[in-house]
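Below you'll find the structure, written out as structure tokens, and then a few comments.
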Amino acid sequence: MSSINLLVAYVQQTDVPILSIDYRLAPEHPYPVPLEDCWTSLQWIRSHADELSIDLNRLAIMGESAGGGLAASLTLMARDRGLSPSLAKQILIYPMIDDRTRSNHAGELAMWDENDNETGWTAYLGADVGSDRVSPYAAPARTTSVEGLPPLYLDCGQLDIFVHEDIEYVRRFVMANIPTDCHLYAGLPHGFEGLAPTSTAVQQAFANRVRAMKSF
């Protein structure tokens, strides 16, 4: 199932409008360009809220994989820049949030392995990847505090290279007493929706995301 088809299905099932941001991509446009594109888009959406019939008190951020990382980064930026009203929720689908991840516990079953991860992060961060020069806005797992961030929904497959960084991120939200909803899918790799879109596991993941979109 393509990303566009998934977005259409989410809207059909929730009646929640979704605006998909066409941010510029690395390596031609490395950090912070994609994130600033998202921030600019968020400001535009807020300034056109009446026209778009959007309730600013119920505005959420959603993304998957690298887009999930950008969504997490955007919530950090919104908190730190004093966005008001604050974002109501973040919905992160197997987000890519830590440039320091080097291990691949899934071996040949990984759909995105340690070499892909190094390539992706290097395209985004250049020579800074893995160093102490990386900002939490670039790799949200590096943030020193999740206090003040919106409620979190996160799901990930057990065979996803991102599962360890994602579960650690979830743990921090739990410790901070921020409402958190986490789903771990046994035996599934990164981007599992595209492999078996009619499977029970994918249908369950879709239902959980729909519930998250309707529950704030």
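Could you list, in sequence order, the residues of region 32-47 that are surrounded by fewer than 16 Cβ atoms within 10 Å (Cβ to Cβ) and of a type in the set (Gly, Ala, Ser)?
Correct list: Ser47 only.
Quick one: in region 177-193, of everything that is farther than 17 Å from Asn208 by Cα and out of contact with any Phe, Trp or Tyr (no Cβ under 9 Å at 6 or more places or on another chain), which residue is surrounded by the most Cβ atoms within 10 Å (Cβ to Cβ)?
Per the criteria, the residue is Ile178.
When Pro95 is evaluated against the numbered criteria (1) surrounded by 15 or more Cβ atoms within 10 Å (Cβ to Cβ); (2) assigned to a helix (DSSP H, G or I), which criterion, by number, is the only one it fails?
(2)
Can you tell me which residue among Leu159, Leu154, Leu188 is assigned to a loop (DSSP other than H, G, I, E, B), within 18 Å of Asp98 (Cα to Cα) and among the aliphatic types (A, V, I, L, M)? Can you show your working first?
Values: Leu154 fails: assigned to a loop (DSSP other than H, G, I, E, B); Leu188 fails: within 18 Å of Asp98 (Cα to Cα).
The match here is Leu159.
Considering each residue of region 135-149, count those that are surrounded by fewer than 20 Cβ atoms within 10 Å (Cβ to Cβ) and either touching a residue at least 60 places away in the same chain (Cβ under 8 Å) or not in a helix (DSSP H, G or I) (or both), and give that number.
Residues meeting the conditions: 6.
Restricting to region 75-91, what's the tally of residues that are in a loop (DSSP other than H, G, I, E, B) and either closer than 21 Å to Pro30 by Cβ or not polar (S, T, N, Q) (or both)? Please lay out each step first, then the result.
Taking region 75-91 as the starting set, the residues that turn out to be in a loop (DSSP other than H, G, I, E, B) are 81-88.
Narrowing the set further to residues that are either closer than 21 Å to Pro30 by Cβ or not polar (S, T, N, Q) (or both) leaves 81-83, 85, 87-88.
Total satisfying the criteria: 6.
Specify which of the listed residues (Thr40, Thr14) is among the hydroxyl-bearing types (Ser, Thr, Tyr) and out of contact with any Lys or Arg (no Cβ under 7 Å at 6 or more places or on another chain).
On the way: Thr14 fails: out of contact with any Lys or Arg (no Cβ under 7 Å at 6 or more places or on another chain).
Only one candidate qualifies: Thr40.
Among the numbered criteria (1) free of Cβ contacts under 8 Å to residues at least 60 places away in the same chain; (2) of a type outside the set (A, V, I, L, M, F, W, C); (3) in contact with a strand residue (DSSP E or B) (Cβ under 6 Å, 6 or more places away or on another chain), which single criterion is violated by Asp55?
The single condition Asp55 does not satisfy is (3).
Just give me the residues in region 108-159 being out of contact with any Cys (no Cβ under 9 Å at 6 or more places or on another chain) and of a type in the set (D, E, K, R), in sequence order. It would help to see each step written out before you state the result.
Of region 108-159, the ones out of contact with any Cys (no Cβ under 9 Å at 6 or more places or on another chain) are 108-151, 157-159.
Within region 108-159, Glu108, Asp113, Glu114, Asp116, Glu118, Asp128, Asp132, Arg133, Arg142, Glu147 meet the criteria.
Identify, by number, the condition in (1) surrounded by 15 or more Cβ atoms within 10 Å (Cβ to Cβ); (2) under 18 Å from the mean Cα position of the chain (by Cα); (3) modelled with pLDDT of 95 or more; (4) under 26 Å from Asn208 (Cβ atoms) that Leu19 doesn't meet.
Looking at each condition in turn, Leu19 falls short on (1).
A quick yes/no check of all residues on (1) of a type in the set (A, V, I, L, M, F, W, C); (2) closer than 27 Å to Val33 by Cβ; (3) out of contact with any helix residue (DSSP H, G or I) (no Cβ under 8 Å at 6 or more places or on another chain):
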residue	(1), (2), (3)
Asp98	no, yes, no
Arg102	no, yes, no
Thr122	no, yes, yes
Ala127	yes, yes, yes
Thr144	no, yes, yes
Pro150	no, yes, no
Gly157	no, no, no
Asp160	no, yes, no
Asp166	no, yes, yes
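Does region 150-162 hold any residues that are touching a strand residue (DSSP E or B) at 6+ places or on another chain (Cβ under 7 Å) and touching a residue at least 60 places away in the same chain (Cβ under 8 Å), and which are they? Step through it out loud before you land on a result.
Going through region 150-162, the residues touching a strand residue (DSSP E or B) at 6+ places or on another chain (Cβ under 7 Å) turn out to be 150-158, 162.
Pro150, Pro151, Leu152, Tyr153, Leu154, Asp155, Cys156, Gly157, Phe162, listed by residue number.
The values are calculated or read from the model by the stated rules, or taken from the named source; none is laboratory data. All values derive from a computational prediction rather than experimental measurement. Cβ coordinates were reconstructed from backbone atoms using ideal geometry, including for glycine residues, and neighbour counts include every protein chain displayed.
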